[in-house]
Amino acid sequence: MNETRISPYCRKLRTKKVFFLPHPPRDEAELLEASGHCWCGETGYAVGEDGDLAGPDECTRGRACFTPYGAPRA
């Protein structure tokens, strides 16, 4: 299965809205709510494990700490 069709975002990316989705977020509208606040579920902060900002434009394939939906949990 192609995980980019599941979601283009890292499965550790968190927003208030993502907790209420019945499926992984497929686009920014499904991911973000009015505040636009995002955080890394691994660090609990607005910065990811690699020290860069967490957000829909940043937490995508190619980033060192990116974990796709569908990947085995560590």
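Listed values, structure above:
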{"quantity": "Enumeration of residues in region 33-63 that are of a type in the set (A, V, I, L, M, F, W, C), modelled with pLDDT of 95 or more and either part of a loop (DSSP other than H, G, I, E, B) or within 9 Å of the chain's Cα centre (by Cα) (or both)", "calculated": "CYS38, TRP39, CYS40, ALA46, ALA54, CYS59"}
{"quantity": "Scan of region 7-31 for residues that are surrounded by fewer than 19 Cβ atoms within 10 Å (Cβ to Cβ), charged (D, E, K, R) and outside any loop (DSSP other than H, G, I, E, B), ordered by number", "calculated": "LYS17, GLU28, GLU30"}
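Here's the yes/no breakdown for (1) closer than 20 Å to GLY70 by Cα; (2) out of contact with any Ser or Thr (no Cβ under 7 Å at 6 or more places or on another chain):
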residue	(1), (2)
ARG5	yes, yes
CYS10	yes, no
ARG14	yes, yes
HIS23	yes, yes
GLU28	yes, yes
LEU32	no, no
SER35	no, yes
THR43	no, yes
GLU49	yes, no
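Let's see how each residue does on (1) among the β-branched types (Val, Ile, Thr); (2) in contact (Cβ under 8 Å) with a residue 40 or more places away in the chain; (3) out of contact with any Leu (no Cβ under 7 Å at 6 or more places or on another chain):
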site	(1), (2), (3)
THR15	yes, no, no
VAL18	yes, no, no
LEU21	no, no, yes
PRO24	no, yes, yes
LEU31	no, no, yes
GLY44	no, no, yes
CYS59	no, yes, no
CYS65	no, yes, yes
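The values are calculated or read from the model by the stated rules, or taken from the named source; none is laboratory data. Fair warning: this is a prediction, and the values are worked out from it, not measured in the lab. Glycine gets a Cβ as well: all are built from the backbone with ideal geometry, and neighbour counts include every protein chain shown.
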